[in-house]
1. Sort out which residues of the range 40-56 are closer than 17 Å to ALA67 by Cα, at pLDDT 85 or above and not polar (S, T, N, Q), and write them in order of number.
2. Go through the range 43-84 residue by residue and tally those that are on the phi > 0 side of the Ramachandran plot, within 13 Å of the chain's Cα centre (by Cα) and crowded, with 17+ Cβ neighbours inside 10 Å.
3. Taking interchain pairs and intrachain pairs at least six residues apart, which have beta carbon atoms under 7 angstrom, with the first residue in the range 96-119 and aromatic (Phe, Trp, Tyr) and the second outside any helix (DSSP H, G or I) and at pLDDT 70 or above?
4. For ALA81, all conditions in the list (1) farther than 18 Å from LEU20 by Cβ; (2) at pLDDT 90 or above hold save one; what is the number of the exception?
5. Quick one: SER82 ticks every box in (1) outside any strand (DSSP E or B); (2) touching a strand residue (DSSP E or B) at 6+ places or on another chain (Cβ under 9 Å) bar one, so which box is it?
Amino acid sequence: MPTVEWRSPDAALPSQVLRLADELETVMEQLHHTTVEIERDSDPRNTGHVTGDGISIPEFDTACDLAEAAMHDGLESTAVASYLERMGFSVDDYHPIATRIDGRQYVPTSDARDLRLEYASRLEEDVEILRQSAEH
């Protein structure tokens, strides 16, 4: 019996993950047809971009700093959101579920069941919409 396990409350719904994968594919496809360069000695707040002339990526240390900020602050990090926008991602189209849980670090046991049921229903609805769109 096939199952889907969905555990993290900050995970995106499947439709959002598919949209992200599509945007990532668009950027990755450009790699084969353009120049890619590493920006050196540039302002980390403005590094990285995708243009018709090529793709610019930050130096390793800057990329590590952005990854760390993404893990800790997600899209609330101005540096992360700006970087993703410059790289061609539609940041405003993503709405992590964690932002809808009132910013609580811990969910009391009394609320956990209700939250699991609520987000399980959202997952089912999202998968059903995707299934229907795949049939057409």
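1. Passing the criteria: GLY48, HIS49.
2. The total comes to 0.
3. Here the result reads none, with nothing in the range 96-119 linked to a residue that is outside any helix (DSSP H, G or I) and at pLDDT 70 or above.
4. (1)
5. So SER82 meets the others, but not (2).
The values are calculated or read from the model by the stated rules, or taken from the named source; none is laboratory data. Computed from a predicted model, the values in this text were never measured in an experiment. Glycine also receives a Cβ, built like all others from the backbone with ideal geometry; neighbour counts cover every protein chain displayed.
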